[in-house]
Structure formats: C-alpha cells, structure tokens
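A short worksheet on the structure shown next.
The values are calculated or read from the model by the stated rules, or taken from the named source; none is laboratory data. If you're wondering where the values come from, they're calculated on a predicted model, not measured in any experiment. In this analysis, Cβ positions are derived from the backbone assuming ideal geometry, glycine residues included, and neighbour counts consider all displayed protein chains.
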Amino acid sequence: MTELLKNFKIMMTGSTGGLGSVLVEELNKSGAFLFVDYRDHEKFERLKKGVKNPDLLQGFRADMTNEEEVIQYFKEFKEKYQRLDVFMHIMGGFWMGPEIAETPLEKWNFMINLNLNSAFLCTREAFKIMKVQCSGKIITVGSRAAEEFPSHKGAYAVSKAGVLALTQVLANEGKEYNMQVNAILPSTIDTPENRKSMPEADHSAWVSPKDISKLIIYLLRPESSALSQSFLKLYGKQ
Ligand SMILES: NC(=O)c1ccc[n+]([C@@H]2O[C@H](COP(=O)([O-])OP(=O)(O)OC[C@H]3O[C@@H](n4cnc5c(N)ncnc54)[C@H](OP(=O)(O)O)[C@@H]3O)[C@@H](O)[C@H]2O)c1
C-alpha cells in the first residue's frame, strides 16, 4: 500500500479493541505516526509487535474516563510531537439488559461514563490543540443504535446518541478553526469478540474492521476535507 498518510500525526483511543487493532495496523501501513493510549501494557506490546513500522507507534498508559489521565495523555503528546492532525475516539463499550424501567443506575452511569464522558474529555483536549493550530480532524464512533434506539439497549443507545450530539457541537464550534468533525456509525462489526458471543449469526452480513479502516483512511486524506458534520452509516448488508 502506498503511504497515503505519511507524516500525519494521529492520536486514537481504543487501539487494543476489535476495530482499533485493525485500524492501527492499516494506519501504520499507510505511514501515519500514531500515539495511542492503552490500559494493559502487554496488549500494547502485542499490538506493536504486529505492525509493519513499530517506530511509528507510540503508547501511553491511561484510563480515558479519568480526567487527569486524559489531560496527561494529551500533554505528553503535545510536548513531544506538537502538531496534531487527527484525533479518533474509537474506544467504547456495550451493555444490553432489561428495558429502561428495570435499568439500574449503575449500568446507566457505566455506559454514559464509558462512551459519552470519555468522548467529552478526549475531544475537549484534542480541540484545544487543533484550535491553536487552526486545523485538524476529529472522528468519533456512534452506533446504529444511536439512530434507531432499540429496546433493551437504552443506556448504550443514549450514550452513543450523546456522542453524536457532542460531535455535531464540535463540528459547529470547529468551523472557525478550520476543523472537520465527523462520526462513523457502525452496525455489528465482524470482531473476534462478536463472533464469540454470536456464533450462530450470519457473519458475512457484518461490517469488516478492515473496510471501516480503509474508509477512515480516505476520510483523513485531504481529498475529504469538504466532509464535516456528517454521520456515516456503516451498516454493511445489515
Ligand atoms: N463491535 C461492534 O459491533 C460495534 C458496533 C457499533 C459500534 N461499535 C463501537 O465501535 C467502537 C469499537 O468497538 P470494538 O468492538 O472494537 O470495541 P472493543 O473490542 O470492546 O474495544 C474497546 C476498546 O476500548 C478500550 N477501553 C475500554 N475502556 C477504556 C477506558 N476506560 N480507557 C481507555 N480505553 C478503554 C479497550 O481497551 P482494553 O483493551 O484495555 O479493554 C479497547 O481498546 C466502540 O466505540 C464501540 O462502541 C462497535
């Protein structure tokens, strides 16, 4: 693959996950420099061993729901690498259970904290850097559930809808700083975790992490700079 993102400086969360790990591989092959967070050092080491250009992948241990650790992660990047071309908030989590009437506050808070608060904390810090440099792209991850609000996934769907609302606000606020802010909305992704939990499902209808990664690489290229305030539905054949 030609190095479509050579010299790009990218920060992203969720690098050790089902989508994130494939995305790291593809971004690394495309020549981008990546600064990722991780919680488990062994997982990061495995990720680094699997990429073509390990020098282009640096990590920082942090919990992205913790305000101080998020601030530290961005401070570290800024001091070492200065310019931030792209921030991608890939991390997130899923919970489904009973209807809202039976949803414990603890589960509700868990989803809001993991999906929405982490997105707020991270994009806030990314925005500060991009505002000063007057350029940058932010990509967040919503979900099909954030458009369709199915039963039994209430806390998850609302937390992801919050991420989309945040994305829209950032896109509006980022206009005067020459920023593009977009979200992707995947339906079920073909990850090892999903295959394990839904062995009987039709996996061929799911969205491949590699296809999502290729689309993201396209979104990061200068040719896509007209695209902003967009929620891209990646539903595959579902
Ligand atoms: N999978 C799907 O079918 C699907 C569908 C629609 C939308 N999405 C969204 O797509 C994104 C990626 O999904 P995925 O399936 O790749 O997720 P995943 O495999 O569960 O990976 C989640 C990632 O988030 C990280 N993470 C979790 N809590 C964290 C925290 N407090 N601080 C820092 N990192 C944390 C995990 O790190 P550890 O490795 O340390 O746990 C991991 O890297 C998520 O936003 C998800 O909601 C997924």
Restricting to region 187-216, and then to whatever is closer than 29 Å to Leu5 by Cα and part of a loop (DSSP other than H, G, I, E, B), can you tell me which residue is farthest from the ligand (Cβ to nearest atom)?
Ser208
Yes or no: Glu176 at pLDDT 95 or above, of a type in the set (Asp, Glu), more than 16 Å from His89 (Cα to Cα) and loosely packed, with under 13 Cβ neighbours inside 10 Å?
yes
Scan region 1-47 for residues that are closer than 19 Å to Pro209 by Cβ and modelled with pLDDT under 95 and report the count.
2
Would you check if Leu27 is more than 11 Å from the ligand (Cβ to nearest atom), in a helix (DSSP H, G or I) and either loosely packed, with under 15 Cβ neighbours inside 10 Å or not acidic (Asp, Glu) (or both)?
yes
Spot the failing condition for Lys237; the list is (1) at pLDDT 95 or above; (2) part of a loop (DSSP other than H, G, I, E, B), and only one is missed.
(1)
So which residues in region 136-152 are within 16 Å of Met88 (Cβ to Cβ) and more than 16 Å from the ligand (Cβ to nearest atom)?
Gly136, Lys137
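Yes or no, residue by residue, for (1) farther than 23 Å from Leu185 by Cβ; (2) within 14 Å of the ligand (Cβ to nearest atom); (3) surrounded by fewer than 17 Cβ atoms within 10 Å (Cβ to Cβ):
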| position | (1), (2), (3) |
| --- | --- |
| Lys6 | yes, no, yes |
| Met11 | no, yes, no |
| Gly17 | no, yes, no |
| Ser21 | no, yes, no |
| Val36 | no, yes, no |
| Glu45 | yes, yes, yes |
